[in-house]
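Working notes for the structure below.
The values are calculated or read from the model by the stated rules, or taken from the named source; none is laboratory data. This structure is a prediction, so every number in the text was calculated from the model and none was measured. Neighbour counts are summed over all protein chains in view; Cβ atoms, including those assigned to glycine, are modelled from backbone coordinates with ideal geometry.
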Amino acid sequence: MGFLLLLVLVFSQVTGCGNLLTGKFESSSRAVQVSKDTNGETLEIHFLDVGQGDATLIKQGDHAMLIDGGNNDKGTAVQSYLQYQGIQNLDYVIGTHPDADHVGGLDVVMYKFSWDTVILPDLQKDTKTYQEVLKVIEDKGKKITYPVAGDVYNLGNAEFTIIAPVKEDYGDNWNEYSVGILLQFGENRFVFTGDAEEEAEQDMIAQKIDLSADVLKAAHHGSDTANTMPFLEEVNPVSVVISCGEGNSYGHPRAGAMNNFRSIGAKVYRTDEQGTIVVVSDGREITWNCSPSESWKAGEPGGTQEKELEKAGTDRGETNRETAKTEYIINTNTKKFHEKSCGSVEQIQEENREYSNLTTQELEEQGYEPCKRCNP
Ligand SMILES: [Zn+2]
Ligand SMILES: [Zn+2]
C-alpha cells in the first residue's frame, strides 16, 4: 500500500503540475558563460518524491539520466514515473553512494530500462542492497565507470562535470564518497552532491572548479553535517531543493541547514512539502512547477509523523491511516526493533535502518527482538 500511495502521490503531482506551460512559475537566471548551444530545446529536472531518499530524473531532448533511485521499496514507483515520462533509454545512471535510500531502487530500474553508462563511487560494499546493484550491472554485461573529478560528459545539448568525490579515502563515512556533478545547460547550472558532508564540501571548494549554480540540490536531505556556509557561498544558488520524507526520523532538514539557506537568500523547494518538483530550463530562464516553500520548518529528530497525526485526530482518511501504521524502526543488521523516539535509533547506520508497519508480535515472528533500552 505504501508504494501504491507513493504512485498516487507521484502521479497526482504529475497531473497537478504536469502541464509545464500553464502552471504558476517562479523565474530566475544568472549570467554565466554558455558552454554549448541549447538548439532551442529545454532541460527538465524531476526531483521525485521518494520519501526519505533521493531520485532525480534529468531529461534533455531524447537523452536522459537518473541520479539515484530511492529506497528498495521505491524502485517500482521510480520505474513507473520514468515510463510515464516516456523514457526509453538512460544515457547515464548515477548511484551517488551505496546507502539504501539512494541505490535501493536502482536495480529495479536498471533491469527494466536499457542504459549506457553507470557511474558509482569506487567503494565496494557487501550489503544486500549494493550487491543487487552490482548484480544487474554484471547481468547486463556492463562495467562500472568510476567518477574522476573534472571529467566532463555530454547529455544531449547539456553537459555535466564530475565535482566529487575528490579524494579516494574518506574512511568509513560512505556519504563523503558521494558522486557530485555540476550540470550545465546554456547559461543555467545545477549542482548535485548526494549525501556529501563537510569534508567533501571543503574538497570540492579546494579543487578550484567553478561551482556557482542557479540551483543546488541540498546535500544529505538538508542535514546540518553538510550544507556548510563556505560551500553555499561558493555555489551561491538562487534556489535550493531538499529531498526528504515528511516527518522523517532523522530530523531532516535540520535547523542549522535551513538557517544557512535563509542567510544566503536562497528560495527553498522541498519534496516533503511539495511532492515531486519539476524544473525546466530553456538555457536562460528556469521555471518551476510549484512555488517555493514558505514554512522554513526544520525536521524533528525522532520524526513528527506521530505527533502530527495525534494533533489531527482520527478522521484524516486513507492516506494518513497508512502513515499511522508506521510504528517501529528496525535495524536489519542487529535484528532489533525500536520505538521511533529511542536514543539508539540515531546510531543505526542509514543502510540498516527501516520503518516497519508490523506489530511487535509480527516482528518477533520474523526474528526481530525488542530493544532493551526503549522496550517497544
Ligand atoms: Zn547516505
Ligand atoms: Zn541519503
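Give segment 235-260 a look and list any residue that's hydrophobic (A, V, I, L, M, F, W, C), crowded, with 22+ Cβ neighbours inside 10 Å and under 22 Å from Glu350 (Cβ atoms), or say none.
The initial filter retains those residues of segment 235-260 that are hydrophobic (A, V, I, L, M, F, W, C), namely 235, 238, 240-242, 244, 255, 257-258.
Now drop any that are not crowded, with 22+ Cβ neighbours inside 10 Å, which leaves 235, 240-242, 244, 257-258.
Matches in segment 235-260: Val240, Val241, Ile242, Cys244, Ala257, Met258.
Out of curiosity, is Asp210 more than 16 Å from ligand 1 (Cβ to nearest atom), of a type outside the set (S, T, N, Q) and in a helix (DSSP H, G or I)?
Numbers: more than 16 Å from ligand 1 (Cβ to nearest atom): yes; of a type outside the set (S, T, N, Q): yes; in a helix (DSSP H, G or I): no.
Spelling it out, it is not the case that Asp210 is more than 16 Å from ligand 1 (Cβ to nearest atom), of a type outside the set (S, T, N, Q) and in a helix (DSSP H, G or I).
Got a sec? Which of Asn188, Asn157, Asn173 is assigned by TED's automatic domain parsing to the domain that holds Asp282, surrounded by fewer than 19 Cβ atoms within 10 Å (Cβ to Cβ) and not acidic (Asp, Glu)?
On the way: Asn188 fails: surrounded by fewer than 19 Cβ atoms within 10 Å (Cβ to Cβ); Asn157 fails: surrounded by fewer than 19 Cβ atoms within 10 Å (Cβ to Cβ).
Testing whether each residue is assigned by TED's automatic domain parsing to the domain that holds Asp282, surrounded by fewer than 19 Cβ atoms within 10 Å (Cβ to Cβ) and not acidic (Asp, Glu) leaves just Asn173.
Here are Phe185, Phe190: which of them is under 19 Å from Thr42 (Cβ atoms) and over 18 Å from the mean Cα position of the chain (by Cα)? Walk me through how you get there before you give the answer.
Values: Phe190 fails: over 18 Å from the mean Cα position of the chain (by Cα).
Being under 19 Å from Thr42 (Cβ atoms) and over 18 Å from the mean Cα position of the chain (by Cα) holds for just one of Phe185, Phe190, which is Phe185.
His220 passes all but one of (1) outside any loop (DSSP other than H, G, I, E, B); (2) within 17 Å of Ala149 (Cα to Cα); (3) not aliphatic (A, V, I, L, M); which number fails?
Going through the list (1) outside any loop (DSSP other than H, G, I, E, B); (2) within 17 Å of Ala149 (Cα to Cα); (3) not aliphatic (A, V, I, L, M), His220 breaks only (2).
Based on this model, can you work out whether Gly194 counts as under 29 Å from Ala255 (Cα atoms) and either assigned by TED's automatic domain parsing to the domain that holds Gly70 or within 16 Å of ligand 1 (Cβ to nearest atom) (or both)?
Details: under 29 Å from Ala255 (Cα atoms): yes; either assigned by TED's automatic domain parsing to the domain that holds Gly70 or within 16 Å of ligand 1 (Cβ to nearest atom) (or both): yes.
Taking the combined requirement at face value, the residue satisfies it.
Checking the structure you have, find out if any residue of segment 139-153 is surrounded by fewer than 24 Cβ atoms within 10 Å (Cβ to Cβ), more than 29 Å from Arg189 (Cβ to Cβ) and of a type in the set (Gly, Ala, Ser).
yes
Could you run through segment 151-191 and say how many residues are charged (D, E, K, R), within 28 Å of Ile286 (Cα to Cα) and within 12 Å of ligand 1 (Cβ to nearest atom)? Break it down stepwise before answering.
First, the residues of segment 151-191 that are charged (D, E, K, R): 151, 159, 167-169, 172, 176, 187, 189.
Going one step further and asking which of them are within 28 Å of Ile286 (Cα to Cα), we end up with 151, 159, 187, 189.
Then drop every residue that is not within 12 Å of ligand 1 (Cβ to nearest atom), which leaves none.
Total meeting the criteria: 0.
State yes or no: is Met204 surrounded by 22 or more Cβ atoms within 10 Å (Cβ to Cβ) and among the hydrophobic types (A, V, I, L, M, F, W, C)?
Values: surrounded by 22 or more Cβ atoms within 10 Å (Cβ to Cβ): yes; among the hydrophobic types (A, V, I, L, M, F, W, C): yes.
For Met204, the condition - surrounded by 22 or more Cβ atoms within 10 Å (Cβ to Cβ) and among the hydrophobic types (A, V, I, L, M, F, W, C) - is met.
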